[in-house]
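Notes to accompany the following structure.
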Amino acid sequence: MSTIPPATCPFTGTTAAPLDAKASTPAASTDTDGREAPVADWVRIEDLRRNPFPIYQRLRAEAPVHWVPAVNRYMVTSYAAAHEIEQDEARFSANERESLMKRAMGHSMLRKDNPEHQIDRDSYGATLRPGTIKKHWNAIFEANNTKYLEELKAKGPGADFVWDYAAPYTGENLRLICGFHNATHQDMQRWSQTLIDGTGNYADDPQVWAKAAASSDEVDTAIDEMLVYLAKNPDHSLLSNLASFPIPLEAIRANLKMTIGGGLNEPRDVLSTTVWALLTHPEQLAAVKTDPALYAKAFEESVRWVAPIGMYPRETTRDLVLEGIRLPAGARLGVVVGAANRDPQVFEDPESFNIFRPKKPHLAFGGGVHFCAGTWIARAQVAQIALPQVFGQLPGLRLDPETPSVDEGWVFRGMTRMPVLWNH
Ligand code: HEM
């Protein structure tokens, strides 16, 4: 029996069963229109982690939805099926009944359906909206970008693009967006990782719970302190809005923990993946350097090509048929946007990175009522500010041929090692 640990989506809390878990069989449906979901017992977590895309190709070609024993869920891989789920919260609930995310972080907006979800979403106010980004955040992101690019330069060629630049840059941005003036970007990264580990603690490891609980307590204390301070000294942060919003403290805590878990990795990962993609496609790199307006296209193509959040959960509220596949009420689904974004029914030559492809909506930021609240702030910090500066300030930027870069993951996918060289 395999001892490979369960694979978990840190942000969304979806967890795959360990490989030795007994495969459950899909329950029977009373709906007679559709067919049973095929069982994909050949899918292995370790293969998904290394490179999920050939697996997605095979799944999509066979059926839009499969029962996948290794993941202990139905995996939804076609664009049409993923899109249908996102647009219909009456049939597909975000409020999973069994959720380690709720245990680790509390019950955030991401796990609520409307009308409860909308109250929490409204409590985030104008902080993440385009007007505030333009008037307030862009200047802050620019200053942070200069600071962390200088630190990368000081480290010298051979430094790791992810850990010596992208992670501290996006961590510091998120610290200020949230309003944690009493914490550091290192605190943000530690809180993020330990809370994420808690959402994936299917092995019930007491040490993992202890670390998640310690971070959760630290975040609660930091929130309590900042709410008092920001009520008297308001700024543009999330906590500043929340200090005057009539919402229970438990909801504030859960939403902030979810945002710490989800607002740090994704901008870091899309920044690194986009730079990696451009460095390995020199003709497209030459084009963006000539026309910086193309950095926005490079960003969108990057999140389509490698969705930073590859899968998130939903649960059916009734017996139903999804794209011809019968699903019972209470079925646990994994909406695999990482696969839907490469569906050949929608995207021509979908496996290629091509910033010039015809514009079509990808699903990397989700859709419907849970459409990512941080979309605009991610675009600003990565496409608008970081990418032009990275290529402008690091002449001859290239991957270190001696130490290959590594990309990993499927529920969360990004570069985990990326040593770079440049001329200086
Ligand atoms: C490239 C970067 C990002 C990607 C790809 C991304 C992706 C996503 C996705 C797929 C969802 C929906 C998940 C679901 O429906 O279950 C989501 C929700 C959310 N994201 Fe992002 N995200 C990114 C950056 C950010 C940032 C920087 C923030 C905050 C500063 C943020 C805050 C949120 C929030 C608050 C939600 C919950 C929305 C709701 O439930 O109404 N995200 N994100």
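The values are calculated or read from the model by the stated rules, or taken from the named source; none is laboratory data. If you're wondering where the values come from, they're calculated on a predicted model, not measured in any experiment. Note that we place each Cβ from the backbone using ideal geometry, even for glycine, and neighbour counts take in every protein chain shown.
Give the residue that is farthest from the ligand (Cβ to nearest atom), with candidates limited to residues of region 360-373 that are part of a loop (DSSP other than H, G, I, E, B) and over 15 Å from TYR79 (Cβ atoms).
First, pick out the residues of region 360-373 that are part of a loop (DSSP other than H, G, I, E, B): 360-367, 371-373.
Still in the list and also over 15 Å from TYR79 (Cβ atoms): 371-373.
Numbers: PHE371: 7, CYS372: 3, ALA373: 4 Å.
By that ranking, first place goes to PHE371.
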Before we move on, is LEU242 away from the ligand (no atom under 12 Å from the Cβ), over 23 Å from the mean Cα position of the chain (by Cα), within 21 Å of ARG111 (Cβ to Cβ) and in contact (Cβ under 8 Å) with a residue 40 or more places away in the chain? yes
Among the residues of region 172-207, which ones are surrounded by fewer than 23 Cβ atoms within 10 Å (Cβ to Cβ), under 21 Å from the mean Cα position of the chain (by Cα) and in a loop (DSSP other than H, G, I, E, B)? ASN201, TYR202
Filtering helices (runs of 4 or more DSSP H) wholly in region 61-140 for at least 3 residues that are within 27 Å of ARG379 (Cα to Cα) and within 16 Å of the ligand (Cβ to nearest atom) gives 79-86, 116-122
Tell me yes or no: at least one residue of region 208-222 is free of Cβ contacts under 8 Å to residues at least 40 places away in the same chain, on the phi < 0 side of the Ramachandran plot, touching a helix residue (DSSP H, G or I) at 6+ places or on another chain (Cβ under 9 Å) and assigned to a loop (DSSP other than H, G, I, E, B). no
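Taking the options ARG398, ARG413, name whichever one is away from the ligand (no atom under 15 Å from the Cβ), charged (D, E, K, R) and touching a residue at least 12 places away in the same chain (Cβ under 8 Å). Don't jump to the end; show me each part of the working.
On the way: ARG413 fails: away from the ligand (no atom under 15 Å from the Cβ).
Criteria check complete, one pass: ARG398.
Within 14 Å of the ligand (Cβ to nearest atom) and either basic (Lys, Arg) or part of a helix (DSSP H, G or I) (or both) - does that describe any residue in region 144-162? Step through it out loud before you land on a result.
Residues of region 144-162 within 14 Å of the ligand (Cβ to nearest atom): 144.
When the remaining residues are screened for being either basic (Lys, Arg) or part of a helix (DSSP H, G or I) (or both), the result is 144.
Yes, there is a match, as at least one residue in region 144-162 is within 14 Å of the ligand (Cβ to nearest atom) and either basic (Lys, Arg) or part of a helix (DSSP H, G or I) (or both).
Which residues, counting only those in region 309-330, are more than 16 Å from the ligand (Cβ to nearest atom) and either touching a residue at least 60 places away in the same chain (Cβ under 8 Å) or crowded, with 19+ Cβ neighbours inside 10 Å (or both)?
Just the residues of region 309-330 that are more than 16 Å from the ligand (Cβ to nearest atom), to begin with: 318-330.
Passing the criteria: ARG318, ASP319, LEU320, VAL321, LEU322, GLU323, GLY324, ILE325, ARG326, LEU327, PRO328, GLY330.
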Please go through (1) under 22 Å from THR221 (Cα atoms); (2) modelled with pLDDT of 95 or more; (3) over 18 Å from the mean Cα position of the chain (by Cα) for TYR124 and return the number of the only condition it doesn't satisfy. (2)
